[in-house]
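*Asks:* Can you read through this structure? Questions will come right after.
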Amino acid sequence: MSIEIPEFTRSPYSLIVMGSVLLGVAVACILMKKASVSRKQILLTSLMSLFCIFNCAIFLTLITEHKLGLAGLGAAFGLVVAVTSTVLIFREHEKEVFSAWIIVAPFMFSLSKVGCTLAGCCRGFPYDGPFALVYNGESFFPVQILDIVSFMAVFLISLAMFLKMKDKLTAGTISLLLSVAVRIINDAFRESHVGIAVSRSQVIAVVVGGISIGCIVLLRKLTKEGKDNGKQS
């Protein structure tokens, strides 16, 4: 059984991607509010995140593909930069704020892949088996659907941990590691991975993941120092 993807006069890709980011921002705001983060910090973090997500996504596409587009890994990098920056500015609820956004990232990515499915970008390798996606008579592995399902699963698992675990940063760390692992595995099923051992996007995923882990280590150090100073005073 294959899935025929119709041609669109006007691609819904941009609207779906923008909608997925806005929904993600809304969920992150709810999680931050639940963690008693101030309205000022929620507003600044949201605005900074929106700015960095879209600008970094466009910039990464320009330097790697030499065209306009929205690269998911660029958006992820922008999100990490934005949230880390605002956390360092406010120095309040560091663990909760950072983790809320890290957990929401796979949610945004999952929804955005609906746009990729309809637009035919980020497609899988040539494949004519069950659930193949058909574009203009050509069949491909449904890697976009795999992205939707697997990243939504990561989000739901991460959300459950965030709500139940006392150490929110641990929940965020697990979510990050799961997201990077799933991205690397899923990329192996893309058309761009055919004939090569390691794709460019897999390398970028490892780099962004490494930078994010560095930010987590920094946040743990800052929160520990803050507690130590509080005890001394």
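*Asks:* Order the peptides 136-142, 80-86, 107-113 from the highest to the lowest mean number of other Cβ atoms within 10 Å of their residues.
*Replies:* Numbers: 136-142: 15.3, 80-86: 21.4, 107-113: 24.6.
Per-residue Cβ counts within 10 Å, averaged per peptide and sorted highest first, yield 107-113, 80-86, 136-142.
*Asks:* List the extent of the Cα atoms of region 1-139 along each of their three principal axes, largest first, rounded to whole Å.
*Replies:* Principal extents (Cα only, largest first): 54, 32, 25 Å.
*Asks:* Sticking with this one: Would you work out the charge dipole size for region 95-219 about its Cα centre, treating the Cβ of every Lys and Arg as +1 and the Cβ of every Asp and Glu as -1, and quote it to the nearest 20 debye?
*Replies:* Working: 9 positive and 7 negative charges, 80 e Å.
With only Lys, Arg, Asp and Glu charged at Cβ, the dipole is about 380 debye.
*Asks:* Moving on. Seen from all sides and averaged, what is the projected area of the convex hull of the Cα atoms in region 137-193, in nm²? Display every interim value, and only then the final one.
*Replies:* Working: hull surface 16.3 nm².
Result: 4.1 nm².
*Asks:* Angle, helix 13-34 long axis vs. longest principal axis of the chain, Cα atoms, 0 to 90°, nearest 10?
*Replies:* Helix 13-34 sits roughly 20 degrees off the main axis of the chain.
*Asks:* Aspartates and glutamates within cross-link reach of Lys224: Cα-Cα under 17 Å, excluding same-chain residues under 8 positions apart?
*Replies:* Glu92, Glu94, Glu96, Asp167
*Asks:* If you don't mind, there's one more thing I want to ask. Given C-alpha coordinates of region 57-162, what is the ratio Rg to Rh with the Kirkwood estimate of Rh? Display every interim value, and only then the final one.
*Replies:* Numbers: Rg = 16.7 Å, Rh = 15.5 Å.
Dividing the radius of gyration by the Kirkwood radius yields 1.07.
*Asks:* Which entries of Lys67/Lys168; Lys67/Lys221; Lys67/Lys113; Lys34/Lys67 show an alpha-carbon separation above 31 angstrom in the structure shown?
*Replies:* Working: Lys67/Lys168 38 Å; Lys67/Lys221 40 Å; Lys67/Lys113 19 Å; Lys34/Lys67 40 Å.
With Cα atoms farther than 31 Å apart: Lys67/Lys168; Lys67/Lys221; Lys34/Lys67.
*Asks:* Among Ala76, Ala171, Ala153, which one shows the highest mean-square fluctuation when the chain is modelled as a Gaussian network with alpha-carbon springs under 10 Å?
*Replies:* Of Ala76, Ala171, Ala153, the most mobile in the Gaussian network model is Ala153.
*Asks:* Answer with one residue from Thr9, Gly19, Leu60: the one whose Cα lies farthest towards the positive end of the charge dipole of region 1-107, charges on Cβ with Lys, Arg +1 and Asp, Glu -1.
*Replies:* Gly19
*Asks:* Sticking with this structure for a sec: What is the set of long-range amide H partners of Ile3 at a cut-off below 5 Å, with H atoms built 1.01 Å from backbone N?
*Replies:* Answer set, sorted by chain and number: Ala132, Leu133, Val134.
*Asks:* Just how large is the dipole of the chain about the Cα centre, in debye to the nearest 20, putting +1 at every Lys and Arg Cβ and -1 at every Asp and Glu Cβ?
*Replies:* 1080
*Asks:* Would you work out the charge dipole size for region 1-83 about its Cα centre, treating the Cβ of every Lys and Arg as +1 and the Cβ of every Asp and Glu as -1, and quote it to the nearest 20 debye?
*Replies:* Working: 6 positive and 3 negative charges, 111 e Å.
Roughly 540 debye, rounded to the nearest 20.
*Asks:* To continue, here is another question. Determine the calculated [θ] at 222 nm for the chain from helices alone, applying -39500 (n - 2.57) to every DSSP H run no shorter than 4 residues and normalising by the residue count; nearest 500 deg cm²/dmol. Show your work: numbers first, answer last.
*Replies:* On the way: 7 runs with 169 residues, N = 233.
My calculation for the chain gives -25500 deg cm²/dmol from helical runs alone.
*Asks:* For the chain, report the convex hull volume of the alpha-carbon atoms normalised per residue, in Å³, without decimals. Present the calculation step by step, with values, prior to reporting the outcome.
*Replies:* Numbers: hull volume 28.4 nm³, N = 233.
Output value, Cα hull per residue: 122 Å³.
*Asks:* Under a crude label model (7 Å from the Cα following the beta-carbon direction), how far is Leu222 from Ala26 in nanometres?
*Replies:* Going by the 7 Å Cα→Cβ label model, 2.9 nm.
*Asks:* Taking Cα atoms, how many degrees apart are the long axis of helix 143-164 and the longest axis of the chain, rounded to 10 and kept between 0 and 90?
*Replies:* 20
*Asks:* What whole number of Å gives the distance from the Cα centroid of region 71-110 to the Cα centroid of region 122-176?
*Replies:* 19
*Asks:* Kindly express, to the nearest 10 degrees and within the range 0 to 90, the angle between helix 200-232's C-alpha long axis and the longest C-alpha principal axis of the chain.
*Replies:* The answer is roughly 10 degrees.
*Asks:* What accessible surface, in Å², does a 1.4 Å probe find on Lys40, ignoring ligands, DNA and RNA and rounding to the nearest 10?
*Replies:* Counting only protein heavy atoms, Lys40 exposes about 150 Å² to solvent.
The values are calculated or read from the model by the stated rules, or taken from the named source; none is laboratory data. All of these numbers come straight from a predicted model, not from anything done at the bench. Cβ: placed from backbone, ideal geometry, glycine included. Neighbour counts: every protein chain shown. Note: areas computed on protein heavy atoms with side chains; ligands, DNA, RNA excluded. Shrake-Rupley method; radii C 1.70, N 1.55, O 1.52, S 1.80 Å.
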